[in-house]
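This report refers to the structure that appears directly beneath it.
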Amino acid sequence: MTAIALKQIVTEALAEVGVDVASMRLPTGKPRETTWLGIEPGFGVRHYATGRNIYIVQTRMAGRLRTVTIGPASVITRHQATVVARRVLAYARVGLDPVTERKRIRSAPRFDDFLEEYWQRWSGRWKASTLVANEKYRRLYLDDAFPDIFIDALNEADVTRWFADLNNRMGPGGANRVVAILSSLLNKAESWGYRLENTNPCRAVRPNRKRKCERFLSRAELERLGEALARVRSSEDKVRPIAATAIALLLLTGCRAGEITSLQWQDLRGNRLKLRDSKTGPRTVWLGDEARALIDDLPRLKNIPWLFWSPRVTAPSLGNAAILMSLNRS
């Protein structure tokens, strides 16, 4: 169905409800947002910065996602716009034939094909650690999630069944993480024209409740930990004193373990740490006198850029396991 044919359908439907098309003036520019009314699928109102509102209907025709402008809300009523939207949707439904279905199959890929496209186009924006985790989730829980289902046909029932099975296969936090990846993927399917706008079925999924794990060391516990770290730092071992210093810096700065163990000397700027790649992006961490003194006591080796370096594995970052091992041995 061509754009001219669609325009003619809208013109005839408006005439039947008593609206003069010649008197309508449509706004220009990019709309701010769209409100979907829920009366018919794809029927909504687009809001413009000028304050004008336009009724639209969006549907897939001949394998393409089309947005049809009905008219300004200041000229036609919601009932009139609904009548026109139903006419457009009816033409879209009865206009399907085997040729059109083959075009739809070519334009709207299956889920597994779109998953590959999404990964190629979007995964380059993720951090390296995020990419590693998401690759694992994809391999285990997404690659075979919806076999033979087209991306524009995936619905709430499909996603709800998949999420229920997901919770039986992994923990609640991991399930939330995987459904967030799927939701992002389906949002991109809308943005790239494979699905109708605001039809993401993940919105119907209620995520698992997050468990709050908030535990602070008491004063007595901090004292005992400080004494243990001091003993480890005074030992003759090559690795354990460095690990103990890393633990002490975690306590004094509030940084994450990976942020501390991946520090390089170039990240130290006076009484500041310039974190190049934290979980929330680059940021500055201010050091107190005690934290700066701990760093000053670290050995600075030639051609070794890292503050915490293990001579046993000749690699940067002692890692969380080494830190915990050092603590347990104390």
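Counting only residues that are under 16 Å from residue 241 (Cα atoms), at pLDDT below 85 and β-branched (Val, Ile, Thr), how many does the range 259-312 have?
The qualifying residues number 1.
I need a count of the residues in the range 292-308 that are surrounded by 11 or more Cβ atoms within 10 Å (Cβ to Cβ) and within 28 Å of residue 127 (Cα to Cα).
6
Could you please give the count of residues in the range 279-299 that are in a loop (DSSP other than H, G, I, E, B) and either acidic (Asp, Glu) or in contact with a strand residue (DSSP E or B) (Cβ under 8 Å, 6 or more places away or on another chain) (or both)?
Looking only at that region, the number is 2.
Which residues, counting only those in the range 258-278, are open to solvent by 30 Å² or more (accessible area, probe 1.4 Å), touching a strand residue (DSSP E or B) at 6+ places or on another chain (Cβ under 8 Å) and assigned to a loop (DSSP other than H, G, I, E, B)?
Answer for the range 258-278, where residues must be open to solvent by 30 Å² or more (accessible area, probe 1.4 Å), touching a strand residue (DSSP E or B) at 6+ places or on another chain (Cβ under 8 Å) and assigned to a loop (DSSP other than H, G, I, E, B): 262, 271.
Counting only residues that are of a type in the set (A, V, I, L, M) and either at positive phi or open to solvent by 100 Å² or more (accessible area, probe 1.4 Å) (or both), how many does the range 198-221 have?
Residues meeting the conditions: 0.
So which residues in the range 174-197 are at negative phi, open to solvent by less than 80 Å² (accessible area, probe 1.4 Å) and at pLDDT below 90, if there are any at all?
190, 192, 194, 195, 196, 197 - these are the residues of the range 174-197 that are at negative phi, open to solvent by less than 80 Å² (accessible area, probe 1.4 Å) and at pLDDT below 90.
For residue 171, all conditions in the list (1) out of contact with any helix residue (DSSP H, G or I) (no Cβ under 8 Å at 6 or more places or on another chain); (2) closer than 12 Å to residue 207 by Cβ hold save one; what is the number of the exception?
Here residue 171 clears every test but (2).
Any residue in the range 129-140 that's closer than 15 Å to residue 176 by Cα: show its pairings with residues that are small (Gly, Ala, Ser) at Cβ separation under 8 Å, as long as the two are six or more apart or on different chains.
Within 8 Å, the pairs are 134/123; 137/174.
Among what's in the range 1-57 and is open to solvent by 70 Å² or more (accessible area, probe 1.4 Å) and among the basic types (Lys, Arg), pick the residue that is modelled with the highest pLDDT.
My answer is 52.
Have a look at 94, 75, 84 and point out the one that is open to solvent by less than 40 Å² (accessible area, probe 1.4 Å) and either over 30 Å from residue 173 (Cβ atoms) or at pLDDT 85 or above (or both).
After applying the criteria, what remains is 84.
Evaluate the range 223-232: report whether one residue or more is open to solvent by 50 Å² or more (accessible area, probe 1.4 Å) and in contact (Cβ under 8 Å) with a residue 60 or more places away in the chain.
yes
Show me the helices (runs of 4 or more DSSP H) found entirely inside the range 150-257 where at least 1 residues are under 18 Å from the mean Cα position of the chain (by Cα) and among the polar types (S, T, N, Q).
172-191
Look at the range 127-149 and say how many of its residues are in a loop (DSSP other than H, G, I, E, B) and open to solvent by 70 Å² or more (accessible area, probe 1.4 Å).
3
The values are calculated or read from the model by the stated rules, or taken from the named source; none is laboratory data. For clarity, every value in this text was computed on a predicted model and none was experimentally measured. When we count neighbours, we look across all protein chains shown, and the Cβ atoms used for this are built from the backbone with ideal geometry, even at glycine. Accessible surface areas use protein heavy atoms only, side chains included; no ligands, DNA or RNA. Shrake-Rupley method; radii C 1.70, N 1.55, O 1.52, S 1.80 Å.
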